[in-house]
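*Asks:* Can you keep this structure in mind? I'll have questions shortly.
What follows is calculated from the coordinates using simple rules that are stated; it is not laboratory data. Being a predicted model, the structure only gives us computed values, none of them experimental. Cβ placement follows ideal geometry from the backbone for every residue including glycine, while neighbour counts extend to all protein chains displayed.
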Amino acid sequence: MAASEFIAVFSRDLPSLLELAQTLTPRVEISPPDALVLEVTPRSRAGILDKLRKFSSSLQVGGGGTRSVALIAARMSPGAWVPQGKEPEFLAPLPVASLKLLDDNPQLPEFLITFSRWGIHSLGELAALPEKELTARLGQPAARLQRLARGEDLKPFQAELPGHRFEAAVDLEYGLDSLEPLSFILAGLLDPLCAELQSSNLATDSVELELKLESGEVSRRKLQLAFPLSHSKTILALTRLELQSQTEKARITGALIRLNPVPPRIWQHSLFEPLAPAPEKLARTLGRLGALVGKENVGCPVLLDTRRPDAFRLGPFAPAKTRSTASMQEANRPVLRRFRPPFPARIRPEQTVNWVGPWRTSGEWWAGTAWDHDEWDVEFVNGTIYRVFFDQKRRGWFLEGVYD
Amino acid sequence: MRRGGLSQAVKPASELLEERVERLPTGLETLDQLLAGGFPKGKISEVAGVPSSGKTSLVFSTLAQATVAGENAAYIDTFNVFDPLSAAQSGISLPRVLWIRCSGSHEKAAAAADMIARAGGFGILVWDAAPPDEQPRQTGSEKPPSHAWFRLKQAIEGSQSVLLVLSLKPSAGSAASVVLNMNRTKILWNPEQSVENRESLRRPGLFKGLVFEAEIQRGKSRGRVRVHSRF
């Protein structure tokens with residue numbers, strides 16, 4: 001098998017160069033900040049070099065038997081090709097400072113000063129130093145620099161994976177006006193997309209749907225998933241629920257589905273913890289609950305960092321592995337059942353048995369959420385204890401909740 | 001039923017089956033003893049009581065036990081009364097709670113409870129069907145639909161989930177295996193003094209908590225216990 005060779009390319013437009021390079025060979029490594037290294041065979045080398053020159057004449061290109069020598073050749077002697085075995089000979093006369101192209105070690109400037117003090121000015125002189133003594137005096141980082149000065153590669157080649165879009169589209173011969181046939185079409189688009197996701201060890205955290213209508217408009221929807229999924233039947237079920245919530249006004253003549261690839265969530269069950277709901281089943285249940293009561297009414301309560309009464313938001317429900325640190329003493333305390341919104345009240349003294357307060361609370365006066373309350377705990381004649389407040393802004397009494 | 005002689009040493013088969021039912025503790029030792037360990041899994045348990053009778057604090061204590069043990073919990077909130085701050089202060093791990101707000105509709109709450117019970121994966125489901133106060137301002141029917149109970153019983157049977165129903169009065173009928181009736185007995189107004197006679201004292205104190213009585217109206221054993229609920 002022919003030994004690999006390497007072509008290094010410096011360019012100011014790295015993204016465009018990367019897009020081209022990935023069409024020439026699947027083995028492309030990014031060498032920050034502005035270089036690519038392509039791994040090629042001797043047979044393909046000439047063709048690839050030709051295409052790179054046609055892409056742009058301002059590219060700095062060099063090559064050789066190792067990545068290190070290819071990078072130095074491209075920068076220090078553009079157009080040079082260093083045959084295998086000739087690396088020390090090519091590198092020898094070059095200045096020690098060339099190592100900056102190969103090593104981003106923050107200690108490199110200090111080493112260069114030390115080498116200069118020793119009278120070491122070229123890569124050849126550095127390569128000729130006795131290895132053991134150099135390591136004993138300056139440590140392993142200096143030994144690494146010596147290996148680079150000899151044209152050796154210190155780490156394996158890491159090819160960049162080509163960006164891939166997980167989307168599929170279809171144009172229909174006739175318009176659809178009901179969900180059933182559309183679901184059938186969407187299933188046909190989703191199955192291969194999800195198979196591709198799974199084979200790439202990926203999942204999706206959102207589904208973008210574009211529906212072409214007979215009227216010429218395009219209806220766009222985006223469904224954000226509670227957690228990454230790659231099971232096509234579950235994603236189809238959630239997409240159906242989304243489509244059911246809003247029907248289209250015109251017949252559908254085309255559809256496009258786009259999935260956003262993300263690493264899959266790892267669901268590692270422990271032998272010692274209760275079993276969590278299966279991800280696909282949970283996703284479907286959450287979707288169906290959202291369709292039943294409204295998506296805005298389903299989720300995990302999250303307390304906000306404010307003293308404003310009843311400040312919370314509903315976040316996505318994703319079973320966590322966190323454990324409560326509450327002790328038994330914290331359990332079983334009176335809890336408040338809230339009235340949303342608080343009930344306006346007219347309180348007569350003869351209705352009350354006991355009371356305590358007021359506790360004055362106010363805040364967020366700089367925002368639209370400002371509040372200014374005087375709070376009381378009040379026991380009424382029927383034995384019920386309410387939290388009552390006087391709203392200074394609205395100048396009225398309200399029942400905030402009942403202790404139970 | 002009184003048994004003597006041979007029948008004392010031999011247990012009926014129904015009691016053997018009952019003993020194998022796993023239970024979720026409430027966190028209240030005396031009550032757990034009376035409930036033979038806690039609320040039974042795979043069954044419906046109902047906790048009923050008027051406002052300020054301690055039913056919600058009992059349910060929150062059970063939720064805290066469950067979520068600390070790593071179980072996921074679903075809170076089906078018919079009237080949107082769940083207070084996240086009280087829940088966190090009671091020791092409930094909020095990231096493990098799925099809160100479903102049903103805008104006053106018992107039908108939607110029953111459907112949601114059914115969906116979650118059948119999906120599985122939740123150690124405890126709480127259906128809070130109690131209206132905000134004793135004169136409810138409702139948007140739908142006044143109580144849960146009767147057909148919902150047997151459907152829910154079927155959905156939860158054989159599972160590892162506890163279904164707890166919070167209500168003003170018991171309404172699950174024979175579908176519930178355990179019915180707890182909550183009664184308020186004392187209001188604790190400061191560390192030194194508890195106000196028992198409402199007529200005698202009319203001066204402010206610090207609200208320290210409640211003393212309530214939990215009476216088992218249906219369950220493996222009957223009885224009542226007093227429970228303190230303090231800040």
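*Asks:* Label-point separation (nm) for A:GLN392 and A:GLN107, each offset 7 Å from Cα along Cα-to-Cβ?
*Replies:* Using points 7 Å along Cα→Cβ, the separation is 6.2 nm.
*Asks:* While we're on this one: Evaluate E = 1/(1 + (r/R0)^6) for A:ARG346 and A:SER245, where r is the Cβ-Cβ distance and R0 equals 51 Å; express this FRET efficiency to the nearest 0.05.
*Replies:* 0.80
*Asks:* Taking R0 as 41 Å, what's the FRET efficiency between A:GLU133 and A:SER58 from their Cβ-Cβ distance, rounded to 0.05?
*Replies:* 0.40
*Asks:* Moving on. Give me the distance in nm between label points sitting 7 Å out from Cα along the Cα-to-Cβ direction at A:TRP365 and B:LEU206, one decimal.
*Replies:* 2.8
*Asks:* If you don't mind, another one. Any chance you could give the angle, 0 to 90 degrees and rounded to 10, that helix A:108-117 forms with the longest Cα principal axis of chain A?
*Replies:* 30
*Asks:* If I stretch the segment between A:ARG43 and A:SER16 completely, what's the gain in nm (0.36 nm per residue apart, minus their alpha carbon distance), one decimal?
*Replies:* Between A:ARG43 and A:SER16, full extension yields 7.2 nm more.
*Asks:* For each pair in A:LYS233/A:LYS295; A:LYS54/A:LYS155; A:LYS233/B:LYS41; A:LYS281/B:LYS55; A:LYS281/B:LYS41, compute the distance between the two Cα atoms and list the pairs where it is over 25 Å.
*Replies:* The answer is A:LYS54/A:LYS155; A:LYS233/B:LYS41; A:LYS281/B:LYS55.
*Asks:* Sticking with this one: Hey, what number do you get for chain A at 222 nm if only DSSP H runs of n ≥ 4 count, each worth -39500 (n - 2.57), divided across all residues, to the nearest 500? Mind dumping the intermediate values first?
*Replies:* Working: 11 runs with 124 residues, N = 404.
Computed ellipticity for chain A at 222 nm equals -9500 deg cm²/dmol.
*Asks:* In the protein assembly as shown, with Lys and Arg counted as +1 and Asp and Glu as -1 at Cβ, which of these residues, B:GLY121, A:ALA168, A:LEU49, has the Cα nearest the positive end of the dipole, that is, farthest along it?
*Replies:* Going by the charge dipole, the pick is B:GLY121.
*Asks:* Can you give me the Rg/Rh ratio for the protein assembly as shown, using Cα atoms for both radii and the Kirkwood formula for Rh?
*Replies:* So for the protein assembly as shown, dividing Rg by the Kirkwood Rh gives 1.16.
*Asks:* Taking θ = phi - 60°, what integer Hz values does the Karplus form 6.51 cos²θ - 1.76 cosθ + 1.60 yield along the stretch B:143-159, in sequence order, with x for Gly and Pro?
*Replies:* Going residue by residue, I get 9, x, x, 5, 5, 5, 5, 6, 5, 5, 4, 5, 5, 8, 4, x, 8 Hz, with x marking Gly and Pro.
*Asks:* Then there is this: Of A:VAL298, B:GLY104, A:PRO228, whose Cα points farthest to the positive end of the dipole of the protein assembly as shown (charges on the beta-carbon: +1 Lys, Arg; -1 Asp, Glu; origin at the Cα centre)?
*Replies:* Projecting each Cα onto the dipole axis, the largest value belongs to B:GLY104.
*Asks:* Something else about it: Using +1 at the C-beta of Lys and Arg and -1 at the C-beta of Asp and Glu, which of A:ILE72, A:PHE312, A:THR23 has the Cα lying farthest in the positive direction of the dipole of the protein assembly as shown?
*Replies:* A:PHE312
*Asks:* Based on the Kirkwood radius over alpha-carbon pairs, what value in µm²/s does the Stokes-Einstein equation return for the translational diffusion coefficient of the stretch A:97-178 at 25 °C and 0.890 mPa s?
*Replies:* Answer, rounded: 151 µm²/s.
*Asks:* Let me ask something else. Just to be sure I understand: of the beta bridges DSSP finds with both ends in chain A, what percent are antiparallel, rounded to 5?
*Replies:* If I count the DSSP bridges inside chain A, around 95 percent turn out antiparallel.
*Asks:* About the Cα centre of the protein assembly as shown, what is the dipole size in debye to 20, counting +1 per Lys and Arg Cβ and -1 per Asp and Glu Cβ, all else neutral?
*Replies:* The dipole magnitude comes to about 1400 debye.
*Asks:* For A:GLY363, list long-range residues whose amide hydrogen, built 1.01 Å from N in the peptide plane, is under 5 Å from its own amide hydrogen.
*Replies:* A:TRP371
*Asks:* I've got another one for you. Would you tally the net charge around A:TRP118, using a Cβ to Cβ cut-off of less than 14 Å, leaving A:TRP118 out, and scoring K and R as +1, D and E as -1?
*Replies:* Here the charged neighbours net out to -1.
*Asks:* Next question, about the same structure. Per 0.36 nm of contour for each residue apart, how much would the distance between A:PHE184 and A:GLU375 grow if the chain were fully extended, relative to their Cα-Cα spacing?
*Replies:* 63.0 nm
*Asks:* Please find, in a Gaussian network model of chain A (springs between Cα atoms separated by less than 10 Å), the residue of A:LEU138, A:LEU38, A:LEU24 whose mean-square fluctuation is greatest.
*Replies:* A:LEU138
*Asks:* Sticking with this structure for a sec: Hey, rough spin-label estimate for A:VAL170 and B:LYS186, points 7 angstrom out along Cα→Cβ, what's it come to in nanometres?
*Replies:* Placing both labels 7 Å beyond Cα along the Cβ direction yields 7.2 nm.
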